[in-house]
């Protein structure tokens, strides 16, 4: 019995793990910009969540929001921030296949940035604005992103793409070697009568 899904599953796991680590790097860059501007370290999470659920989560929004923050926002902000980055990691890892070696890193960075742009358009523009119930909220959900500034987001996404391109190969190899070691340790059972 062959394990045809094994390599694909391994690449997807490597992409998810690499995407998560690279998104932590992106968060560090954005948090540094946020802190330098006098905002809290959680502001990048709030800015991304505002794109998905409305401006109510932004502490510095100039107009009174009809609905204030909820207890769930502590979890939803990071969820909305990290989930697209992990999804991008899986997609890029699956599309790039085994071609994540050093000679192809510039192409992998470009592919990562392209998939990030498409994922942003799908999750934020197509899905996120559907969750922001009020027309007034829809027009103001990008406030947090604008306040952090274009430079911070460009720097954060470049950091994500560079970390992803640099880590995908080693993470894929590490996951592959773990799977190979686990397969070698599987006990061989003989059938009765052998």
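Mind checking which residues of region 99-110 are at pLDDT 55 or above and assigned to a loop (DSSP other than H, G, I, E, B)?
none
Per-residue answers, yes or no, for (1) in contact with a helix residue (DSSP H, G or I) (Cβ under 7 Å, 6 or more places away or on another chain); (2) closer than 22 Å to residue 165 by Cβ; (3) at pLDDT 85 or above:
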site	(1), (2), (3)
12	yes, yes, yes
18	yes, yes, yes
25	yes, yes, yes
35	no, no, yes
41	yes, no, yes
45	yes, no, yes
52	yes, no, no
65	yes, no, no
75	no, no, yes
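Pick out the one residue from 188, 124, 145 that is surrounded by 17 or more Cβ atoms within 10 Å (Cβ to Cβ), at pLDDT below 70 and either on the phi < 0 side of the Ramachandran plot or assigned to a helix (DSSP H, G or I) (or both).
124
Residue under question is residue 168, and the condition is that it be surrounded by 11 or more Cβ atoms within 10 Å (Cβ to Cβ), at pLDDT 85 or above, under 21 Å from the mean Cα position of the chain (by Cα) and more than 14 Å from residue 19 (Cα to Cα); does it hold?
When the stated conditions are applied, residue 168 does not pass them.
May I ask you to list the residues in region 22-67 that are part of a helix (DSSP H, G or I) and farther than 14 Å from residue 81 by Cβ?
32, 33, 35, 36, 55, 56
The values are calculated or read from the model by the stated rules, or taken from the named source; none is laboratory data. Computed from a predicted structure; not experimentally measured. In this analysis, Cβ positions are derived from the backbone assuming ideal geometry, glycine residues included, and neighbour counts consider all displayed protein chains.
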